[in-house]
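Novice: Okay, here's the structure, questions in a sec.
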Amino acid sequence: MIEIANLVKKYDTFYAVSDVSFSVRKGEIVGFLGPNGAGKTTTMRILTGYLPPDSGNVTVNDISIYDDALAVKQAIGYLPESAPLYGDMMVDEYLSFIARARGIQSDQVDATIRQAARKTGIESVFKKNIDELSKGFRQRVGLAQALLHDPEVLVLDEPTSGLDPIQIQEIRRLIREIGKEKTIILSTHIMQEVEAVCDRVLIINKGKIIAEGTPAELRARSQGHNSLTITVHGNKEKVRQLLPSLPGFLEFHELREGEDFLQMVVTSQDRIAKQVFQWAVDNQFSLSELNERTVSLEDMFLELTHEETEASR
């Protein structure tokens, strides 16, 4: 459905996108995950025809942007991070305007905008001015405009940015529902978004794809290490000195320090909760916290982007 091959976008000496390649199959919801400035939005803008690439190719439904850029755009519905809305228009006026701009026949406009309104749950605000709507409803209107021409592909750039928790849940449910019929690529830097919505994940950092797979597959990459959050009371220098004596010890990161305690995350090759307890007893430390941590997608993401940063130094 979507094929991106060796995509490059350069600004002077800075590579916003550097040799990016990936594909999205029909019916998938794929999360495009990365920190701010990683190249997500630039890639989305090239895919949707807003920016030309310096090199590489984008193919949608076997049509290349070089062969028929208009046909590629017609196959895509796009919701940019800042939804393209006109606040002084009523919702139905705005959708009617976009439908006509999309080339939908005049006698089909009303039925088309009504269908998009039903899909996105905005019928109750159909006659309201857009600038009177909550951010959540404005995002829904933005989704409605992206669906008007019934595209096979949806490209959503940070669709829950700036929403409150209830609005976020509503938009995520809406995306999952739309994803039953459409191919969706979803750009985000929020790990929970990927877990909640996506079938597969692409991670981009510094303009390059550094990992891809299902959320479970990516979490499994970090399963080789185990970690504990512990709070140790006692001589702090002695704690730091004796930590490496733990079995399978790899490293520790301090989280918080007080007069007589250290709170830290200890990483090891083995599960060592019992050994940490015995280590504290043997060295006359006391523990007020000992909590084994489950590897999350966020842990994996931080690990991968840290590795990439270290490798580039």
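Novice: Listed highest first by mean packing, meaning other Cβ atoms within 10 Å per residue, what order do 87-94, 254-261, 45-52 come in?
Specialist: Top of the packing list down: 45-52, 87-94, 254-261.
Novice: Tell me, what HN-Hα J-couplings in whole Hz come from the Karplus equation 6.51 cos²θ - 1.76 cosθ + 1.60 at θ = phi - 60° for each residue of the range 2-15, using x for Gly and Pro?
Specialist: 10, 10, 10, 10, 6, 6, 9, 9, 10, 10, 6, 9, 9, 8
Novice: Now, a different point. Enumerate the lysines that Lys40 could reach by cross-link, defined here as Cα to Cα under 22 Å, with residues fewer than 8 away along the same chain left out.
Specialist: Lys9, Lys10, Lys26, Lys73, Lys182, Lys206, Lys208
Novice: Per q in 0.14, 0.18, 0.26 1/Å, what log10 I(q)/I(0) does a Debye calculation on the alpha-carbon atoms of the range 81-170 return?
Specialist: The calculated log intensity ratios at q = 0.14, 0.18, 0.26 Å⁻¹ are -0.45, -0.75, -1.48.
Novice: In Å and whole numbers, how far do the C-alpha atoms of the chain stretch along each principal axis, longest first?
Specialist: 83, 44, 34
Novice: Tell me, rounded to the nearest percent, the portion of alpha carbon pairs in the range 226-294 spaced more than 15 Å apart. Let's see the in-between values first.
Specialist: Numbers: 1015 of 2346 pairs.
Above the 15 Å cut-off, the range 226-294 has 43 percent of its Cα pairs.
Novice: Would you pull out the residues with amide H under 5 Å of Glu289's amide H, same chain only if 5 or more places away, H placed 1.01 Å from N?
Specialist: Those qualifying (amide H under 5 Å, at least 5 residues apart or on another chain) are Thr231.
Novice: For Ala216 and Glu81 in one chain, what is 0.36 nm times their gap in residues minus the Cα-Cα distance, to one decimal in nm? Could you put the intermediate results ahead of the total?
Specialist: Details: separation 135, 0.36 × 135 = 48.60 nm, distance 2.72 nm.
Full-extension gain reported as 45.9 nm.
Novice: Along the range 193-201, what does the Karplus equation 6.51 cos²θ - 1.76 cosθ + 1.60 (θ = phi - 60°) give for ³J(HN,Hα), rounded to whole Hz, x for Gly and Pro?
Specialist: 4, 5, 4, 7, 10, 9, 7, 8, 10
Novice: Moving on. Once the Cα atoms of helix 135-147 and of the chain are each reduced to a long axis, what angle between those two axes, in degrees from 0 to 90 to the nearest 10, is obtained?
Specialist: 50 degrees
Novice: Arg240 to Val281: extension gain in nm, 0.36 nm per residue of separation minus the Cα-Cα distance?
Specialist: Working: separation 41, 0.36 × 41 = 14.76 nm, distance 1.56 nm.
Gain in length upon complete extension: 13.2 nm.
Novice: Right, something else. At Ala101 and Ser124, where each label point lies 7 Å from the Cα along Cα→Cβ, what is the point-to-point distance in nanometres?
Specialist: 2.8 nm
Novice: Can you list residues from other chains, or at least 5 along the same chain, whose modelled amide H is less than 5 Å from the amide H of Gly77?
Specialist: Answer set, sorted by chain and number: Val153, Leu154, Val155.
Novice: Which whole-Hz ³J(HN,Hα) couplings does the range 175-182 yield from phi under the Karplus relation 6.51 cos²θ - 1.76 cosθ + 1.60, θ = phi - 60°, glycine and proline marked x?
Specialist: Taking θ as phi minus 60°, the curve returns 5, 4, 5, 5, x, 5, 10, 10 Hz for the range 175-182.
Novice: Separate question: Excluding residues on the same chain fewer than 8 positions from Lys128, give the lysines whose Cα lies under 25 Å from its Cα.
Specialist: Partners within reach: Lys119.
Novice: What is the helix-to-structure angle for 297-311, meaning the angle in degrees between its Cα long axis and the longest Cα principal axis of the chain, kept from 0 to 90 and rounded to the nearest 10?
Specialist: 80 degrees
Read-outs: derived from the displayed coordinates by stated rules, not from any lab. These numbers were taken from a predicted model, which means no experiment stands behind them. Using ideal geometry, Cβ is built from the backbone for each residue, glycine included, and neighbour counts are taken over all protein chains shown.
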